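The structure appears right after this line, and notes come after that.
The values are calculated or read from the model by the stated rules, or taken from the named source; none is laboratory data. On a predicted model such as this, the values are computed, not experimentally measured, just so you know. Note that each Cβ is placed from the backbone with ideal geometry, even for glycine, and that neighbours are counted across all protein chains shown.
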Number of protein chains: 6
Amino acid sequence: MMFRIFFLFAFLLSITSHVSAIDFCVADVKAAQNPSGYPCKPPATVTVDDFVFSNFVPGKNNIFNFSFNPANVDNFPAINGLGLSFARFDIEEGGVVPMHTHADATEVIVALQGNLTAGFISSDSNTVFIKTISDGNILVIPKGLLHFVLNVGKGKGSANVIFTSVKPSVQLFNLALFGNNLESAIVEKTTFLDHAQVQKLKAQFKGTG
Amino acid sequence: MMFRIFFLFAFLLSITSHVSAIDFCVADVKAAQNPSGYPCKPPATVTVDDFVFSNFVPGKNNIFNFSFNPANVDNFPAINGLGLSFARFDIEEGGVVPMHTHADATEVIVALQGNLTAGFISSDSNTVFIKTISDGNILVIPKGLLHFVLNVGKGKGSANVIFTSVKPSVQLFNLALFGNNLESAIVEKTTFLDHAQVQKLKAQFKGTG
Amino acid sequence: MMFRIFFLFAFLLSITSHVSAIDFCVADVKAAQNPSGYPCKPPATVTVDDFVFSNFVPGKNNIFNFSFNPANVDNFPAINGLGLSFARFDIEEGGVVPMHTHADATEVIVALQGNLTAGFISSDSNTVFIKTISDGNILVIPKGLLHFVLNVGKGKGSANVIFTSVKPSVQLFNLALFGNNLESAIVEKTTFLDHAQVQKLKAQFKGTG
Amino acid sequence: MMFRIFFLFAFLLSITSHVSAIDFCVADVKAAQNPSGYPCKPPATVTVDDFVFSNFVPGKNNIFNFSFNPANVDNFPAINGLGLSFARFDIEEGGVVPMHTHADATEVIVALQGNLTAGFISSDSNTVFIKTISDGNILVIPKGLLHFVLNVGKGKGSANVIFTSVKPSVQLFNLALFGNNLESAIVEKTTFLDHAQVQKLKAQFKGTG
Amino acid sequence: MMFRIFFLFAFLLSITSHVSAIDFCVADVKAAQNPSGYPCKPPATVTVDDFVFSNFVPGKNNIFNFSFNPANVDNFPAINGLGLSFARFDIEEGGVVPMHTHADATEVIVALQGNLTAGFISSDSNTVFIKTISDGNILVIPKGLLHFVLNVGKGKGSANVIFTSVKPSVQLFNLALFGNNLESAIVEKTTFLDHAQVQKLKAQFKGTG
Amino acid sequence: MMFRIFFLFAFLLSITSHVSAIDFCVADVKAAQNPSGYPCKPPATVTVDDFVFSNFVPGKNNIFNFSFNPANVDNFPAINGLGLSFARFDIEEGGVVPMHTHADATEVIVALQGNLTAGFISSDSNTVFIKTISDGNILVIPKGLLHFVLNVGKGKGSANVIFTSVKPSVQLFNLALFGNNLESAIVEKTTFLDHAQVQKLKAQFKGTG
């Protein structure tokens, strides 16, 4: 039988290969990206730890009283080319995730703890879709739309999040409009906000101009 | 020779068909969409006029002193499944296209007339990319990012626009935040805008709450 | 100002529409699927509850001492066209999720509770990738490969799962080989299992032939 | 044990479904196509014969001394959504497949019998890529490029063909230019062919104008 | 407040990164392409000028009395990965764009000036779709099909063109058949053109063989 | 006329380029892959032989009495980015291709010679789809499902195979479960196979543990 097995393995060598990545394409994050993602690490250098993200825990609280801990292609290279990534967020009682968008990523919130009121605004009729979710609920926020989350319950609110992008962008309303050098006159003209309001927020978010 | 031609056409019937849409899939816009677009009209009912959009002209001015005339899959069914659509816009002197996003559509502006200052804000560093363009310039605005256009020259400014979606969404900052029933308290908490500012804009854009 | 607002809304009507699904395509699960998914429900009939899955809780235990509760496009139509779905599983102490594959779906396990040993087998070299994960760990199982999960800790083991398919197939080794009418002779010839073993498992999994 | 099996099947019912097509999407060719293909037949009505094309044999000879027998989505509905289809062709000694293109389908020729000289012309430099192939050779013809096949050997030449489209278009030079009502003046102006040549071929291919 | 802002920016650093291209993937055209396009330039080196094409003007007239000025990924790297590109063409009175195809690119003609008669030929029935368009018209030419444009009006005819490819191929009938070393005998056999005609056009388009 | 031709070629240089791969992207298999495939070889180095696979012949018999000879992206670089590859297999009388899966590749079998009984098992209901095919039959095996082939006729059985992947994975049941160091206890627990059976097959397929 061993004789036949010898041929079996010879046969297998002829139909498989270590040259190509056929089961997975773990990112070589030091190489340049292209529109489909990062080049693959050589399969022979891949280990089980490439498939494990070990730090999916609450992050440090920020000034908004919430923490956000992402697992994206840059720190979890096994998701290269899969079109999805993850994050854990925790909001202190009364905390808020301010109005923002993710360009080209749908967000899915899997509530873990507390009571979270999440909302998004549709583009066609500016309709507000809003719901308070808790453990046992999943909420889908369609891609690219303005949305927010409020912790409206007692104690901490926690959730896992899935994004349909290996590294979603996060465009926060306040930082996009007030946290850079975009001229106040332009901000006012394109948002209909008052000059005083713009100046106040520019100061608060360290913008200039 | 005619005898051979007879066989030629018999042969051709065997390799072609009127059953399937093989060259194009013109939208049957009365049917239900699916994630890939609209079902195709029966190929036999398609004429050259399905491939022509005849009204690519300046639209009517609105209160912002600009007009916007879209050619999307609903009024130009030949673009079904192609992932692109078009618009013509014209801005009066001093006019503005206010801050907005297109979820999942990159926008390409082909300037035709006048001097247009267009800008977008990146998400990673909130950097402002801004440029004044005129006839002979094309500008790309990456998908999902906040952007705006100002007519900064003398006279009218005009452009053709290409979107990488058969019907791009348009989420205008002012209408999304102030033109619906989203509670003022939530707007304020998630945008850091002052109560008075929110009330003023709610009134202006007919919002409630 | 109201006069101008009147024009504003007239303008908006011209650039938006209730005809097309532009922000989302919630599945009409009673219609026939196509390769891109289900047709979209009319946008006007969509409510926030279409975006919420309310039953993401432990399911009922089965004979393997684990429960599996899926949130796929059939019971969570907001994920239509997104290429992802979800499940919650809970394994009793000592329980096991038997060897199986998901054709064309990568699986991502987000451990919630307990100690789970999960493994998958690569195709090119039949290498075993195996890891014990617990709360705070995410594990990626590349699409189509044989894999399994064991609860190796004290007490219950729980996890949320993300699949890169709106409704992943689940092909369990035992049911595929022994739970149908595939002739025993063929099973034996194509698997090298002994006749007695095949008979025993055919009986156990209610197969015939 | 039977008791446990009962629960096993109850469990399985909860994770599988006959509602959705999860393993395959066999075309319902009587329904309207959409950009992703045909709607799926109800899975419960699918049998093994849907996956078998039984007539992959030489077709009838036409005036070019070759036969072409396609297996595309209209007569082989199991390939719906897969982006590939098949054909068998047989060329008599000295026969030719005239100059043609397949819009958006790469063609792969698997030679079976005889000596076939196949060529395609690149678009960037109008370079001719030409090769005589026989049994044991595969040739790739990049999508959309003009190409042809000649039987240059003794006896019949046969091949199987794979197209990267569920139903490739076939645009034959002669029929596209001379087999319809396109005005002779336009043909001449856009092809630089002489009037007499155009008239001769219009007559031969039953064109008018 | 500044103290809180300090934390705000620390927080933002944790959710954003300069490592990955998340908003855009501007082509590094000196690197090797892959099937999804060019690798991305490092985001930190990107400026607003990468998003602007400044030379979208009439090109130089050629022997056909028209000019063609492309804006493709090689001279407009911001369109990398977007699947579209642009061109400006201008045809002198009486001029013609000869019969040609674009493999795998749909073409959209936005007429700017003059009267242009454009036509394409479907593959299934060799039907001619022909229309005279002028300023205010858009025409779609399905991918891969033979088409042409004639300036049938007084004075110059101009148009902008959009292609659904970052760099469309252009296969001109005359150059593909007569502008290379493809043997005359093969041209004749595969096109049914007369020997004298082929010789004449070979001479005209500098072909050999 | 030559003068005009001179301009013609100058014109063509302006619309074409040797910089970009526009007609094809032949793999540079020495470079690192990315999720879309291999980088393209410089177009100037491509010849017709890159499009030809010359060794599509029966391979050497293995212990299963069949040979398998693949034409995938590693030995046939012209198929880079096309999502398909090929193989020839030949089975001796009475031979078998054992139970296996191809993760994310549909398989299409084009029977050439003999009588082959091929079967696959659906995942939703564990239904066996089984058919005996011969020359003139094509069989589709949906992606990711367990399947097998038996030569049930007199003499050799041969087929060409098309896979919807440039290099399909092959996961053979026996080697995945018994040909590695996966602990016997885990194999038994996750497959319900008896200890003695697992030990026997581990010995046969050179597994350890």
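What the table below lists for this structure:
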| quantity | calculated |
| --- | --- |
| Failed criterion for B:Arg88 (all others in (1) under 16 Å from the mean Cα position of the chain (by Cα); (2) more than 22 Å from E:Ser85 (Cα to Cα) hold) | (2) |
| Any hit, the range D:116-127, residues being over 28 Å from E:Lys200 (Cα atoms) and either basic (Lys, Arg) or modelled with pLDDT of 95 or more (or both) | yes |
| Count of the range A:100-155 residues which are assigned to a loop (DSSP other than H, G, I, E, B) and without any contact (Cβ under 8 Å) to a residue 12 or more places away in the chain | 4 |
| Residue check for F:Leu193: assigned to a loop (DSSP other than H, G, I, E, B), in contact with a helix residue (DSSP H, G or I) (Cβ under 8 Å, 6 or more places away or on another chain) and not assigned by TED's automatic domain parsing to the domain that holds F:Ala103 | yes |
| Test: residue in the range E:70-93 that is part of a loop (DSSP other than H, G, I, E, B), in contact with a helix residue (DSSP H, G or I) (Cβ under 8 Å, 6 or more places away or on another chain) and not charged (D, E, K, R) | yes |
| Residue check, D:Thr117 surrounded by fewer than 21 Cβ atoms within 10 Å (Cβ to Cβ), touching a strand residue (DSSP E or B) at 6+ places or on another chain (Cβ under 9 Å), at negative phi and hydroxyl-bearing (Ser, Thr, Tyr) | yes |
| All positions within the range F:31-66 that are within 30 Å of F:Leu150 (Cα to Cα), outside any loop (DSSP other than H, G, I, E, B) and more than 8 Å from every other protein chain (Cβ to nearest Cβ) | F:Phe66 |
| Unmet requirement for E:Ala87, which otherwise passes all of (1) farther than 11 Å from E:Ala159 by Cα; (2) at the interface with another protein chain (Cβ under 9 Å from one of its Cβ atoms); (3) of a type in the set (A, V, I, L, M) | (1) |
| Some residue of the range E:95-104 being over 19 Å from the mean Cα position of the chain (by Cα) and buried (at least 19 other Cβ atoms within 10 Å of the Cβ) | yes |
| Conditions (1) farther than 18 Å from C:Ser158 by Cα; (2) touching a Phe, Trp or Tyr at 6+ places or on another chain (Cβ under 6 Å); number of the one not met by C:Ala103 | (2) |
| Residue within the range F:92-104 that is among the β-branched types (Val, Ile, Thr) and away from chain C (no Cβ under 11 Å) present | no |
| Selected residue (criterion: farthest from the other protein chains (Cβ to nearest Cβ)) from residues of the range D:156-175 that are assigned to a loop (DSSP other than H, G, I, E, B) and among the β-branched types (Val, Ile, Thr) | D:Val166 |
| Residues of the range A:125-148 satisfying the condition of being within 13 Å of chain B (Cβ to nearest Cβ) and within 19 Å of the chain's Cα centre (by Cα) | A:Ile141, A:Pro142, A:Lys143, A:Gly144, A:Leu145, A:Leu146, A:His147, A:Phe148 |
| Residues that are in contact with a helix residue (DSSP H, G or I) (Cβ under 6 Å, 6 or more places away or on another chain) and either within 20 Å of E:Ser67 (Cβ to Cβ) or surrounded by fewer than 24 Cβ atoms within 10 Å (Cβ to Cβ) (or both), drawn from the range E:144-172 | E:Phe148, E:Val170 |
| Flag if D:Ala111 is assigned by TED's automatic domain parsing to the domain that holds D:Asn69, among the small types (Gly, Ala, Ser), under 20 Å from D:Lys167 (Cβ atoms) and touching a Leu at 6+ places or on another chain (Cβ under 8 Å) | no |
| Top-ranked residue of the range E:176-190 - restricted to ones that are buried (at least 21 other Cβ atoms within 10 Å of the Cβ) and facing chain D (nearest Cβ under 7 Å), ranked as nearest to B:Ser85 (Cα to Cα) | E:Ala176 |
| Only one of A:Asn62, A:Asn55 that is at pLDDT below 95, among the polar types (S, T, N, Q) and over 28 Å from F:Pro70 (Cα atoms) | A:Asn62 |
| In the range D:4-41, the residues that are modelled with pLDDT of 50 or more and more than 20 Å from D:Val166 (Cα to Cα) | D:Ser20 |
| Test: E:Leu145 is aliphatic (A, V, I, L, M) and within 19 Å of D:Lys189 (Cα to Cα) | yes |
| Qualifying residue in the range B:195-208 (condition: touching a residue at least 24 places away in the same chain (Cβ under 8 Å) and at positive phi) | yes |
